[in-house]
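The structure under discussion appears below in the form of structure tokens.
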Amino acid sequence: MIRFFAIPGLILLSLGSAMAADRQASDTTPAEDIATYREYFQQRFPDVSRQQYADGVYAIDAISRENWEAIEEFPPYEPMIAVGETLWQTPFANGKTYTDCFGTSPAQRKHYPHWDAASQQVITLPLAINQCRVRNGEKPLKYKKGRMADLLAYLSYASRGQLIDVKIPDAAALKAYNAGKSIYFARRGQLNFSCASCHMQSAGQRVRTDILSPALGHTSGWPVYRSKWGELGTLHRRFTGCMKQMRARPYKAQSVELRNLEYFLTHMSNGIQYNGPAARK
Amino acid sequence: MSRLISWSVLCLSGLFWAGTVLATAPDQAAAVAAGKAIAWDRKGGNCLACHSMPAGDSPGNLGPPLIAMQARFPDRQKLYDQIYDATQLNPASRMPPFGKYHILTEADINAVIDYLYTL
């Protein structure tokens, strides 16, 4: 049900005008895209600083922000950081540990997602964790919650303050970026939404009682402890949740599609600091 | 014989006609109630997700309030078209194409419109 295979970012500046079905994701460069999206949200929320977007909906809604600040004083994800640290340090059956793959520092967040020229794909941090496990004879972890989320909580916590700086090094990487961008702007599912329908066009507006968060900063705070889940979940868990809301068949966590989507969406937030893990409603 | 038949046909059609007239008021009320249920149901139209409607609980605000519908949409077909496929009128619309994508049937949409006209 995907129509408009690609709807470019520039069109967002003139939302009233017809969305041009003939435009391609490749019509604008990643650098132009960042400028366009920043400008779009700047006009929409002139009082919100770039870094504040890392806090999702709480950047733009003072009332829910107050609640959230109270929650963050006794963070519900704190125990999982400790669990993740233990997992990080516990040797595999072969005696090696994650540090044999990643180096000794757990502050790894800023290196992901990145384009890997050797394997011609986007490598996300969860994917790298499982590649490390498999190389050492361990079973891969599930991608949406549980031990993977705990590990990510620890690594993200150790990486707080690192700047998002996703690079698009070559033509193949650009192709992956554009594929992710097309997914972001394509309408899909029975309700005919795109990600951008809600998180760009409608940011700040309410769907029932939910205020829609802006796309900018969307990938900085993961993993997230969500009250609705009652536990920690990963970014791709959220992606699949939103796709279900669109009544679309969700892509699998860490599929090529969702990694490309993460690549595009994280690049958009270049210059914002990683601040995961975080709490959400 | 033929006169008898035409008489009975006349009588029957007369009865039928009387029946529809008598049924109009309650049928209309039933259609309005059905339309309201569809419009408010999260699995139905879920119009409240995006539009405020009088007495509707915690509405969203992506779309304009659905009020004074008779006055603003005297042409029933225009209203039908907006609900059937909003992207036809505004390609950038965020309103789901309820008819085109089979979220609601034509009968559902007509019931919703009967309800909207009471707002």
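The values are calculated or read from the model by the stated rules, or taken from the named source; none is laboratory data. Please read all numbers here as calculations on a predicted model, not as lab measurements. Don't worry about glycine lacking a Cβ; one is built from the backbone with ideal geometry, like all the others, and counts go over all protein chains shown. These accessible areas exclude ligands, DNA and RNA; they are computed on the full protein's heavy atoms, side chains included. Shrake-Rupley method; radii C 1.70, N 1.55, O 1.52, S 1.80 Å.
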To the nearest 100 Å², how much accessible surface do chains B and A cover up together, summed over both, with a 1.4 Å probe? 1900 Å²
Anything losing 30 Å² or more of accessible area from the isolated chain to the full protein assembly: pick those residues out of segment A:199-222, probe 1.4 Å, ligands and DNA/RNA ignored. A:201, A:205, A:206, A:207, A:208
Take the Cα atoms of segment A:78-158, find their three principal axes, and give me the spread along each one in whole Å, biggest first. 36, 27, 24
Can you list the cysteines of chain A that have no other Cys Cβ under 4.7 Å away? A:195, A:198, A:242
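Using only atoms on other chains, find how many Cβ atoms lie within 10 Å of each Cβ of peptide B:89-95 and report the average. Kindly include the intermediate steps, with their values, before the conclusion.
Working: counts 0, 4, 7, 11, 4, 13, 4.
Taking all residues of B:89-95 together, the mean is 6.
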Relative to chain A, whose Cα atoms define the longest principal axis, helix A:171-185 and its Cα axis are tilted in degrees, nearest 10, by 60 degrees
If I take every Cα pair under 8 Å that is 6 or more residues apart in segment A:62-185, average their sequence separation and divide by the length, what percent do I get for the relative contact order? 31 percent
Using the Cα gyration tensor of segment A:194-264, with a ≥ b ≥ c the square roots of its eigenvalues, what is the shape: rounded (a/c below 1.5), prolate (a/b larger than b/c) or oblate (neither)? rounded
The Cα extents of the protein assembly as shown along the principal axes, largest first and rounded to whole Å, are 104, 45, 42
What order do you get for A:222-234, A:264-276 when each peptide is scored by the mean count of other beta carbon atoms within 10 Å, highest first? A:264-276, A:222-234
Could you tell me the convex hull volume per residue, in Å³, taken over the Cα atoms of segment B:27-116? 93 Å³
State to the nearest 20 debye the size of the charge dipole of the protein assembly as shown about its Cα centre, where the only charges are +1 on K and R beta carbons and -1 on D and E beta carbons. 880 debye
Considering only DSSP beta bridges with both partners in chain A, what is the antiparallel share in %, to the nearest 5? 75 percent
Accessible area in square angstrom per residue, segment A:47-173, 1.4 angstrom probe: 53 Å²
Suppose we keep just the alpha-carbon trace of segment A:130-279; what are its Rg and Dmax in angstrom? 15.6, 48
Round to a whole angstrom and tell me the spacing of the C-alpha centers of segment A:93-116 and segment A:172-248. 27 Å
With segment A:119-166 reduced to its Cα atoms and the Debye formula applied, log10 I(q)/I(0) at q = 0.20, 0.24 1/Å amounts to -0.78, -1.00
